[in-house]
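The structure appears right after this line, and notes come after that.
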Amino acid sequence: MNGTSTTRDTAAAATSWEDLVTTALLGTDRRPPAGAGPGRRAPVALLDAAAVEAVRRRAGLRPAPAARRPEPAPEDPRPPLPAAAARRLATLLADRPGGGGGRRGSAPDLVELLPQWLAAANARGYAAPPQALPALLDAARGRTDLRPAALAFAGPRALWLARLNPDWRFALRAAPGGGAALPDTGDGEAVRRLWQEGLFAERVALLAALRARTPALARELLARTWATERAEDRLMFLDSLRAGLSAEDEPFLEQALGDRSRNVRATAAELLSALPGSALAARMAARAAVCVAVDRTGDSPVIVVEAPPECDPGMERDGVAVKPPAGRGERSWWLGQLVEAAPLGTWPQRLGGRTPERIVALPVADGWQGELHAAWCRAAVRQQDAAWARALLGAPSAPEAGGPGAVSLAERAKLLAALEAGERAGWVAGFIATHGLSEAFQLLGVCAVPWAPPLGRAVVDALDIARDAGSYPWSFSGVMGLAERCLDPAEAVRLEGLLAVPDEREDASPGAGGYWAEAFQRLVTTLRLRAAMAEELAPSASAGPSGA
């Protein structure tokens, strides 16, 4: 057979296969196959022809050269999971979001328990079972919120697998340096070489690693090449200085205030304003203090505000954005930025030696209260100042947005993060006792898990009140879901009294009592499951390695 005949045969075969496909798509009634004859059914003839053609095509394949064998997977030195915990992990990974497609009834939502399980396993330093790695990577691929914990637990073998499967490449992007090994931070030559020759992701990872161990070395490395870096790279590198930020970074950040990129200047100013003793903080305090004062000429002291008339070049260099967003006045925009960047320690001295509580309680003239308090809120969040956060939050029993600080729920949630965990939980418990659960979801999200006993009791009591009111439980599905994940499993005993179906009131929603009993049953079952998970992960539960 010569080359011409081979080419002709190949073309004929391709045409034949295409004909078969076309016949299958159109149907044998409209396009009878070529092999169909009298006494033979056309569909059978088509399938026979397809079978013959499939065998012929496979027989024509030439064996390819053997691919290079992959490098062996790295060792994971962490201890293996206890066997019971490994079985639990397999069960959690087998559940899928939306699995079952219907109402959960009293069954726990295993998908929502996986983050908690991963956090507990990571805290104990266990290694992932090798056979669970594909499912772990699939789970992390589908849920970005799960990735940090899942990839930390999956360990170095997951990165090895990710290099072999394009569907798992996200794991390499999420890993420091794209999954590449970083040099020892004590190896100066290797560090300099990677910084000068590495890819952007490798350089960011190197800077983060150095910043965590030797902040001064990271800053010096960045300063050497700062002038030659691209603006977008300078911004990312500068952002890495948030970790371990200290007064020693001030000279470098002051220099960055003169950067030609506005975003770089703004980031440098933000970092400097987080250093209360910095020169920038002092300049912003002086500017803000000129704008805010106490007027004692009336019957009672009043805060008066005089917003800056212009944004001068000095303000602009210190990170004040000149152009306000749509619908916002220029002067109020500039005032908010000055007050936000000024150290909160400025105000007691400026406003008559008053405490934050007394300052926030002062009336503000000419409608400036909202602007001024909002700026103090942002400053308290940025500076993590618990005293000011407490003053702006006010009492949890105060009407919504009517406390001393008159701040919104979103702002309250941010302020709560500045408080110690126990105080935070107590404040939210007080809020729920006064206002119920309908507005509490956002506040519950910033509380430490598991919820402290006072907060857990407040949530359960509020759910009980909602049930007695006769509404359906799905009006509180968000809080109920949070309770399943955050309530202390010890509360399961107290919840058992709520599992019975209550007598239905005349004004209650039809069937609501039964749905509430089902929801409480799911809550109790989930709490018990969480207790079992914690017990299985305890070191004393190590009845044998997971791979046994």
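The values are calculated or read from the model by the stated rules, or taken from the named source; none is laboratory data. The model shown is predicted, which means the values in this text are computed figures rather than measured ones. In this analysis, Cβ positions are derived from the backbone assuming ideal geometry, glycine residues included, and neighbour counts consider all displayed protein chains. Each accessible area value is taken on the protein alone, full model and side chains, heavy atoms only, with ligands, DNA and RNA left out. Shrake-Rupley method; radii C 1.70, N 1.55, O 1.52, S 1.80 Å.
For Arg88, the criteria (1) surrounded by 17 or more Cβ atoms within 10 Å (Cβ to Cβ); (2) outside any helix (DSSP H, G or I) hold in every case but one, which is (2).
Residue pairs whose Cβ atoms lie under 6 Å apart, sitting 6 or more positions apart in sequence or on different chains, and linking a residue in the range 438-452 that is touching a residue at least 40 places away in the same chain (Cβ under 8 Å) and open to solvent by less than 10 Å² (accessible area, probe 1.4 Å) to a partner that is in a helix (DSSP H, G or I) and not β-branched (Val, Ile, Thr), are Leu444/Leu482. Scoring Ala152 on the criteria (1) free of Cβ contacts under 8 Å to residues at least 24 places away in the same chain; (2) open to solvent by 40 Å² or more (accessible area, probe 1.4 Å); (3) part of a helix (DSSP H, G or I); (4) among the small types (Gly, Ala, Ser) leaves a single failure, condition (1). The lone criterion from (1) open to solvent by less than 50 Å² (accessible area, probe 1.4 Å); (2) part of a helix (DSSP H, G or I); (3) at positive phi left unmet by Asp366 is number (1).
In the range 45-79, what residues are within 30 Å of Leu159 (Cα to Cα) and open to solvent by 70 Å² or more (accessible area, probe 1.4 Å)?
Residues satisfying the conditions are Ala64, Pro65, Ala66, Ala67, Arg68, Arg69, Pro70, Glu71, Pro72, Glu75, Pro77.
Would you confirm whether any residue within the range 207-217 is under 19 Å from Arg260 (Cβ atoms) and open to solvent by less than 40 Å² (accessible area, probe 1.4 Å)? Looking for residues that are under 19 Å from Arg260 (Cβ atoms) and open to solvent by less than 40 Å² (accessible area, probe 1.4 Å), one finds none in the range 207-217, hence no.
Annotation for the range 316-329: no member residue is of a type outside the set (Lys, Arg) and within 24 Å of Leu393 (Cα to Cα). Scanning the range 326-354 for residues that are part of a loop (DSSP other than H, G, I, E, B), open to solvent by less than 50 Å² (accessible area, probe 1.4 Å) and not basic (Lys, Arg) gives Gly329, Ala342, Pro343, Leu344, Leu351, Gly352.
Residues of the range 468-513 that are surrounded by fewer than 15 Cβ atoms within 10 Å (Cβ to Cβ), of a type in the set (D, E, K, R) and touching a Gly at 6+ places or on another chain (Cβ under 7 Å): Glu504, Arg505, Asp507.
Taking Ala410 as the residue in question, decide whether it is in a helix (DSSP H, G or I), among the aliphatic types (A, V, I, L, M), open to solvent by less than 10 Å² (accessible area, probe 1.4 Å) and free of Cβ contacts under 8 Å to residues at least 40 places away in the same chain. Criteria not met by Ala410. For the range 265-299, filtered to residues that are among the hydroxyl-bearing types (Ser, Thr, Tyr) and within 25 Å of Gln369 (Cα to Cα), the residue that is nearest to the chain's Cα centre (by Cα) is Ser273.
Once the range 307-325 is narrowed to residues that are open to solvent by 50 Å² or more (accessible area, probe 1.4 Å) and within 39 Å of the chain's Cα centre (by Cα), the residue that is farthest from Ala282 (Cα to Cα) is Pro325.
Can you say whether Arg103 is of a type in the set (D, E, K, R), farther than 30 Å from Arg157 by Cβ, open to solvent by 80 Å² or more (accessible area, probe 1.4 Å) and at pLDDT below 85, as far as the supplied structure shows? Walk me through it before giving the result.
Values: of a type in the set (D, E, K, R): yes; farther than 30 Å from Arg157 by Cβ: yes; open to solvent by 80 Å² or more (accessible area, probe 1.4 Å): yes; at pLDDT below 85: yes.
Yes.
Within the range 1-36, if we keep just the residues that are outside any helix (DSSP H, G or I) and surrounded by 10 or more Cβ atoms within 10 Å (Cβ to Cβ), the residue that is modelled with the lowest pLDDT turns out to be Gly35.
Among the residues of the range 118-131, are any modelled with pLDDT of 90 or more, outside any helix (DSSP H, G or I) and surrounded by fewer than 19 Cβ atoms within 10 Å (Cβ to Cβ)?
Taking the range 118-131 and keeping what is modelled with pLDDT of 90 or more, we get 118-131.
Checking which are outside any helix (DSSP H, G or I) leaves us with 125-129.
Applying the additional criterion that residues be surrounded by fewer than 19 Cβ atoms within 10 Å (Cβ to Cβ) yields 125.
Scanning the range 118-131 turns up at least one residue that is modelled with pLDDT of 90 or more, outside any helix (DSSP H, G or I) and surrounded by fewer than 19 Cβ atoms within 10 Å (Cβ to Cβ).
Among the residues of the range 277-306, those identified as surrounded by fewer than 16 Cβ atoms within 10 Å (Cβ to Cβ) and more than 21 Å from Leu362 (Cβ to Cβ) are Gly277, Ala279, Ala282, Ala286.
In the range 224-237, is there at least one residue being β-branched (Val, Ile, Thr), part of a helix (DSSP H, G or I), under 29 Å from Ala321 (Cβ atoms) and open to solvent by less than 60 Å² (accessible area, probe 1.4 Å)? Yes, some residue in the range 224-237 is β-branched (Val, Ile, Thr), part of a helix (DSSP H, G or I), under 29 Å from Ala321 (Cβ atoms) and open to solvent by less than 60 Å² (accessible area, probe 1.4 Å).
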